[in-house]
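A.B. asks: One structure coming up, written as structure tokens, with questions to follow.
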Amino acid sequence: MSNFNWKRPIHQHIDNWKKETSKIAKRELGDDPVKMNDTIHFGKYKGFKIKTLPTSYLEWLISITPDDTVALKYAKELSTRPKYK
């Protein structure tokens, strides 16, 4: 069995990725840049507060958001809606 050359850039990239993902996993839910009273700064509803967004738009945001902590914030707002109680 041969030894891997761990100094290759691909292995360094994987190690860096593991470090970054472990930092994201250890963050508290309150550390994200999106606050529940903030406004959306992009898209069709730019300038709208998160609480005033339509349910379908929140569902879509959850499905495309790469950061789980932000998606959880959207899901928390969605859980307050009558359809999801």
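A.B. asks: Exactly one condition in (1) among the basic types (Lys, Arg); (2) assigned to a loop (DSSP other than H, G, I, E, B); (3) at pLDDT 80 or above is false for Lys7; which is it?
C.D. replies: So the condition that Lys7 fails would be (3).
A.B. asks: Turning to a different aspect of this structure: Could you list all residues from segment 21-72 that are surrounded by 10 or more Cβ atoms within 10 Å (Cβ to Cβ), at pLDDT below 85 and assigned to a helix (DSSP H, G or I)?
C.D. replies: Answer for segment 21-72, where residues must be surrounded by 10 or more Cβ atoms within 10 Å (Cβ to Cβ), at pLDDT below 85 and assigned to a helix (DSSP H, G or I): Thr21, Ile24, Leu29, Asp68, Thr69, Val70.
The values are calculated or read from the model by the stated rules, or taken from the named source; none is laboratory data. Everything numeric in this text was worked out from a predicted model, so none of it was measured. Using ideal geometry, Cβ is built from the backbone for each residue, glycine included, and neighbour counts are taken over all protein chains shown.
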